[in-house]
1. Of all residues in segment 95-121, which are in a helix (DSSP H, G or I) and either acidic (Asp, Glu) or more than 12 Å from the chain's Cα centre (by Cα) (or both)?
2. For segment 70-89, enumerate the residues that are out of contact with any strand residue (DSSP E or B) (no Cβ under 9 Å at 6 or more places or on another chain), surrounded by fewer than 20 Cβ atoms within 10 Å (Cβ to Cβ) and either hydroxyl-bearing (Ser, Thr, Tyr) or not in a loop (DSSP other than H, G, I, E, B) (or both).
3. For segment 107-144, give me the residue count where each residue is among the acidic types (Asp, Glu), surrounded by 11 or more Cβ atoms within 10 Å (Cβ to Cβ) and farther than 10 Å from Leu85 by Cα.
4. For Asp92, all conditions in the list (1) over 15 Å from Ser61 (Cα atoms); (2) surrounded by fewer than 21 Cβ atoms within 10 Å (Cβ to Cβ) hold save one; what is the number of the exception?
5. Give me the pairs: first residue in segment 115-144 and closer than 12 Å to Val97 by Cα, second residue among the hydroxyl-bearing types (Ser, Thr, Tyr) and in a loop (DSSP other than H, G, I, E, B), beta-carbon distance under 7 Å, and six or more apart or on different chains, which are they?
6. Residues that are in a helix (DSSP H, G or I), of a type outside the set (D, E, K, R) and at pLDDT below 60: does segment 46-68 have at least one?
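The values are calculated or read from the model by the stated rules, or taken from the named source; none is laboratory data. Small disclaimer: the values here were computed from a predicted structure and weren't measured. Using ideal geometry, Cβ is built from the backbone for each residue, glycine included, and neighbour counts are taken over all protein chains shown.
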Amino acid sequence: MHSQHPRTLAGAHTDGVRTAICFLTSCRFSPPPPHTPHPITFLYHSKNYTVLCCAARGGSSEAVAVVLAAGANVNTQSSAGWTPLHYAVNGDHPAAVTQLLNTMKCDLELRDGGGKTALDIGEKFGKTACVALLEKYAADPRLK
């Protein structure tokens, strides 16, 4: 099954996204509930973050792309309140940040349990490339 936007990891594999599949299968996730409409969006790690958070945290832009194509919510928050964007910025992964921002759906105002946005995290820890991307995205008039 070849498709432009795979809805499952199996479909992504046939589309040649082997790097993403290898990365994602190295993460340990609990299985989704039976009859879940989009299982990839419901996979949770033992640390209570989604597969998209894991991909962003690991800096795998390929994995981020596959999970987004499968329908993952870019603004899902972990139990600590971190979004995939928080994880990508904290890990200093500009390619993953770009993948997330390119959805044009990132809510830059989402705050973690300590009240910090992804931009706050980037500024605090000197993630200059990621901060520049976030500032450019925030200035985009199409998002207003």
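1. Matches in segment 95-121: Ala118, Leu119, Asp120, Ile121.
2. Ser79
3. Pass one, segment 107-144, residues among the acidic types (Asp, Glu): 107, 109, 112, 120, 123, 135, 140.
Remaining after also requiring surrounded by 11 or more Cβ atoms within 10 Å (Cβ to Cβ): 107, 112, 120, 123, 135.
Add one more test, that the residue is farther than 10 Å from Leu85 by Cα, and what stays is 112, 120, 123, 135.
So the count comes out to 4.
4. Of (1) over 15 Å from Ser61 (Cα atoms); (2) surrounded by fewer than 21 Cβ atoms within 10 Å (Cβ to Cβ), only one is false for Asp92: (1).
5. Sorted first by the residue in segment 115-144, then by its partner, the pairs are Ala118/Thr83.
6. Taking every residue of segment 46-68 in turn, none turns out to be in a helix (DSSP H, G or I), of a type outside the set (D, E, K, R) and at pLDDT below 60.
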